[in-house]
1. Full extension from residue 166 to residue 2: what is 0.36 nm times the residue separation minus their Cα-Cα distance, to one decimal in nm?
2. Could you list 171, 284, 156 so that the one with the fewest beta carbons within 10 Å of its beta carbon is first and the one with the most is last?
3. Please rank 183, 229, fewest neighbouring Cβ atoms within 10 Å first, as an exposure proxy.
4. Can you put 35, 97, 158 in order of Cβ neighbours within 10 angstrom, beginning with the fewest?
5. What does the extension gain come out to for residue 75 and residue 29, with contour length at 0.36 nm per residue minus their alpha carbon separation?
């Protein structure tokens, strides 16, 4: 099992530079294709999402029009493509437009894929054909990119790697250091662990975090059989049982991962259906809002 198709949702903003660098670094490591999906919201959708007057004033200084929005979209699209080309060149990775691809090359390649559509309409079909989806996050408590993360998690069936913004120089995800894996024996946790295998094999140290519920009995052993499974995949990991005490599961996981010195975290993403829409579970939501490290998620 390897990673050959990486999809990075990339708007061209500075806070997404870490995600851009990480996607290219992974493509280089696995000799994979990194597609950069640039999503422009259709101009006629803006009044529904933001209010015509508010967005028009932000772009043109007056009430504005749909033409001004289209021009702003085109400008941002050009900025995004320029940054992808520059980053690929810096990493000695070939660049191509989507309409110029000739097929698999056996080498790392960056592909810019601009679309004009709503995220929920364009991300699922391309995300389902990726091995990994990479999404940048502006700040640890910013929820503006949450729609993209949730669409990637719940509508594609693929793992999502959420990369936080760094205040200093953009830094790609380091594969060769410490990784923490949250494990409770659940289906999302099993999927996250399985999908993360190609990345976990590159790590120097792996710690499995098992949070013990406050009311759990002595028979609570979610890690039963896990050590053997890891051995079969030639992975050496330390299994660490953590008492939750008065903390939430998210707080306990993040605290232990931080104490371990993890460079990134693997965990299952929990979601609940609420009036026809998915909402994040408490642990997942807490970690996405408060973690300063990249988080690898699968649902």
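1. So the chain would gain 56.3 nm between residue 166 and residue 2.
2. Ranked by crowding around the Cβ, least crowded first: 171, 156, 284.
3. Neighbour counts put them in this order, fewest first: 229, 183.
4. Starting with the residue having the fewest Cβ neighbours, the order is 97, 158, 35.
5. That works out to 13.4 nm of additional length.
Readers should treat all values here as calculations from the given coordinates under stated rules, not as data from a laboratory. Keep in mind the model is a prediction, meaning the values are calculated, not measured. Every residue, glycine as well, gets a Cβ built from its backbone with ideal geometry; the counts of neighbours run over all protein chains shown.
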